[in-house]
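**Q** Pasting a structure here, questions to come.
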Amino acid sequence: MNAHAPFSFATPDRVIVIGAGVAGLATALRLAPRPVTLVTASPLGLGTATGWAQGGIAAAMGEDDAPALHAADTLAAGAGLSEPEVAERVAAAGPGLIEWLVGLNAPFDRDTVGALALGLEAAHSRRRIVRAGGDSTGRLVLETLVRAVSATPSIDVVVAQARHLMHDRQGAIAGVVCERGGTRLRLAARAVVLATGGIGALYASTTNPRGATGAGLALAARAGASLRDMEFVQFHPTAIAVGADPMPLATEALRGEGARLVNGLGAPIMAGITGGDLAPRDVVARAIFQAQARGTQVFLDCRGALGARMATRFPTVAGLCATAGIDPQHEAIPVRPAAHYHMGGVRVDGSGASTVPGLFACGEVASTGLHGANRLASNSLLEAMAFAPWIAEAIEAVPVPGAAQAVPEQPRPASDLPTIRAIMEQRVGVVRDADGLAEAVRRLMPAAEAGCDAALVGLVVATSALSRRESRGAHWRSDCPDQAPVRHTETTLAEVLSSSAVDAPAFA
């Protein structure tokens, strides 16, 4: 691998993968031996949400489990918007993907007889969460894939910011314009795969890296791609509320091992709610949000035996608690919901292809039909790895595009990210209503029109949320609490920018 190669190596037959989390790394590996240029904003292993994933990878590996049961749980969590054929196909791929990682020497946890140790998380009917290092699965899987990529000679790594997608005269994607050290660089490509992650950092409270502002979604939108179900943002219910930004996460697996959500007096928060502490994430997040709106502080109670073994079973959470001065064996952990995962994204088909020829998307940036209105816990790493080989296979049939057309050099406007994050937190959060969403649209529109990517992505989320006049999964409208007939929302940049009149100055 050549991490410092000159940019002249990008030929029209090469594939460019943008992003180096599990989606980008897995796709680059599956494309081998085809030449791949992996464009990443940070050096390999850094700046990606994959490395922060605590829970694990969902796969039907147990004797009492089956892919059909996994698919059924996925559909139930998706609240009517998960596509059955996608859920069945991804769930069926799960066991083989775990074996693929084992073949790459991923250090999965084992039980006393050497079998994979399987954990339980919310809304799963079986213990099927494959983990590594207790709650360090994301980091250890990322390290495994980085080692594999580093040993693959067909993959070149370029540390740069992707700024624009280039088209040929017929409208097919023909490459990427990147920026490194202030220099503008053109990379020609046969196809481009977006693997750029999510949008959590558009919110003031998030568990995501600060760079997770939807840059890949902005690239796709400006290239003309359709975006689907952008309103569905999953808020993890148990971010540790100690004033950090991003917020440290207390994995859902803690509740699978017996932790309980309580108020300051120790009374259960989830009493009387179907599923209790292991209800789907959207249900738990709303219960905590509503309790806090009433002035009730919420805690994750791991005291006693679970707290005593946290250092070995959940070392990441134990370390986060120690940094915050919390002893989970004797103290309950203060928690609150925070933006965690985006179910919406670039609409893709079963091969990961977008509506723009030559443009593919994998992982959180994509809307594959798996997650629907509410992602089932630990299905995200699974989805990314499942689609990687399907994308690689589809790219074999993509014709080499014509010469890339010139991209106008436009100054990038300054982004008032703190203001955008406050708007999204206050108006497009756990509980929404028409007035708040309309205000968010009015305030984000001018900056989006001026070319601010963060404002553009926030605008699409707010516009889609305003158009969905119902409550479903992670999208909850206090003014529309019932469900309407099942439908997807789908839009393009042109439709969003023409949909609302601007009657307020930017960030007024």
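Throughout, read-outs are computed from the coordinates displayed, never taken from laboratory work. Here the structure is a predicted model, which is why all the values come from computation and not from measurement. No Cβ is skipped: glycine too gets one built from the backbone with ideal geometry, and neighbour counts run over all protein chains shown.
**Q** Residue by residue, what Karplus-based ³J(HN,Hα) values in Hz, rounded to whole numbers, does the stretch 298-309 have, using 6.51, -1.76 and 1.60 with θ = phi - 60° and x for Gly and Pro?
**A** Each residue of the stretch 298-309 in turn: 10, 10, 9, 9, 10, 4, x, 4, 5, x, 5, 9 Hz.
**Q** From the phi angles alone, apply the Karplus equation (6.51, -1.76, 1.60; θ = phi - 60°) to the stretch 81-93 and give each ³J(HN,Hα) in whole Hz, x where the residue is Gly or Pro.
**A** Listing the rounded values in order: 9, 6, 8, x, 5, 6, 4, 5, 5, 5, 4, 5, 6 Hz.
**Q** Return one quarter of the surface area of the convex hull spanned by the alpha-carbon atoms of the stretch 411-508, equal to its mean projected area, in nm². It would help to have the intermediate numbers written out before the result.
**A** On the way: hull surface 24.8 nm².
Answer in nm², one decimal: 6.2.
**Q** Given Cβ point charges of +1 (Lys, Arg) and -1 (Asp, Glu) and nothing else, what value in debye, to the nearest 20, does the dipole of the stretch 171-272 about its Cα centre take?
**A** Working: 9 positive and 6 negative charges, 99 e Å.
Dipole size: approximately 480 debye.
**Q** If you plug each phi of the stretch 188-198 into the Karplus form 6.51 cos²θ - 1.76 cosθ + 1.60 with θ = phi - 60°, what whole-Hz ³J(HN,Hα) values come out, in order, with x for Gly and Pro?
**A** Values per residue, Gly and Pro as x: 6, 7, 6, 7, 10, 10, 7, 9, 9, x, x Hz.
**Q** Which FRET efficiency, nearest 0.05, do S478 and A403 yield, Cβ-Cβ r, R0 56 Å?
**A** Working: r = 52 Å, r/R0 = 0.93.
It comes to 0.60.
**Q** Give me log10 I(q)/I(0) at q = 0.12 Å⁻¹ for the stretch 280-355, Debye formula, one equal scatterer per alpha-carbon, no solvent.
**A** Results for the stretch 280-355 at q = 0.12 Å⁻¹ read -0.53.
**Q** Additional query: Any idea what the dipole of the chain comes to, in debye rounded to 20, about its Cα centre with Lys/Arg Cβ at +1 and Asp/Glu Cβ at -1?
**A** Values: 42 positive and 46 negative charges, 133 e Å.
Using Cβ point charges on Lys, Arg, Asp and Glu, the chain gives about 640 debye.
**Q** If every alpha-carbon in the stretch 237-339 counts as one equal scatterer, what log10 I(q)/I(0) does Debye give at q = 0.10, 0.15 1/Å?
**A** With no solvent term, the Cα-only Debye profile gives -0.23, -0.54.
**Q** What is the calculated FRET efficiency for R127 to E331, with r their C-beta to C-beta distance and R₀ = 25 Å, to the nearest 0.05? If you can, show how the numbers build up before the last one.
**A** Numbers: r = 28 Å, r/R0 = 1.12.
So the FRET efficiency works out to roughly 0.35.
**Q** Treat each spin label as a single point 7 Å out from the Cα along the C-beta direction, and report the N105 to D13 distance in nm.
**A** About 3.2 nm, to one decimal.
**Q** Which of E396, E425 comes first, and how do the rest follow, when ranked by fewest Cβ neighbours within 10 Å? Before the final figure, lay out each step's value.
**A** On the way: E396 10, E425 17.
The most exposed by this proxy come first: E396, E425.
**Q** Quick one: which of 146-156, 206-216, 362-372, 482-492 comes out on top by average Cβ neighbours within 10 Å, and what's the full order, highest first? Write down the numbers at each step before the final one.
**A** Details: 146-156: 17.2, 206-216: 23.4, 362-372: 29.3, 482-492: 13.6.
The densest-packed peptide leads the list: 362-372, 206-216, 146-156, 482-492.
**Q** Can I ask one more? Assuming 1.306 mPa s and 10 °C, estimate D for the stretch 58-156 with Stokes-Einstein, Rh taken as the Kirkwood radius over Cα pairs, in µm²/s. Each step should come with its number before you reach the end.
**A** Numbers: Rh = 14.7 Å.
Translational diffusion coefficient: 108 µm²/s.
**Q** To the nearest Å, what is the center-to-center distance of the stretch 322-398 and the stretch 399-417, using C-alpha atoms only?
**A** 26 Å
**Q** Amide H to amide H, which residues 5 or more places from R432 or on other chains are under 5 Å from it, using H placed in the peptide plane?
**A** Here W476, R477, S478 satisfy the definition.
**Q** Obtain the nm distance between the two label points defined at A66 and A305 by a simple spin-label model: each point lies 7 Å from its Cα along the Cα-to-C-beta direction.
**A** 3.3 nm
**Q** With both bridge residues required to lie in the chain, what share of the DSSP beta bridges run antiparallel, to the nearest 5%?
**A** Values: 38 of 58 bridges.
If I count the DSSP bridges inside the chain, around 65 percent turn out antiparallel.
**Q** Distances over 12 Å make up what percent of all Cα-Cα pairs in the stretch 220-264?
**A** Numbers: 742 of 990 pairs.
For the stretch 220-264, the share of Cα pairs beyond 12 Å comes to 75 percent.
**Q** May I ask for the percentage of alpha-carbon pairs in the chain that lie more than 45 Å from each other? Working shown, then result.
**A** Values: 10925 of 128778 pairs.
More than 45 Å apart: 8 percent of the Cα pairs in the chain.
**Q** Where q = 0.13, 0.16, 0.17, 0.21 Å⁻¹, what log10 of I(q)/I(0) comes from the Debye formula for the stretch 166-268, counting one point per Cα?
**A** -0.69, -0.88, -0.94, -1.17
**Q** For V39, what residues show an amide H to amide H distance below 5 Å, using hydrogens built from the backbone and excluding near sequence neighbours?
**A** Those qualifying (amide H under 5 Å, at least 5 residues apart or on another chain) are V17, I18, G19, V158.
**Q** Still on this structure: How would you order 447-455, 113-121 from highest to lowest mean count of nearby Cβ atoms within 10 Å? Numbers along the way, then the final one.
**A** Details: 447-455: 21.1, 113-121: 16.1.
Descending packing order for the listed peptides: 447-455, 113-121.
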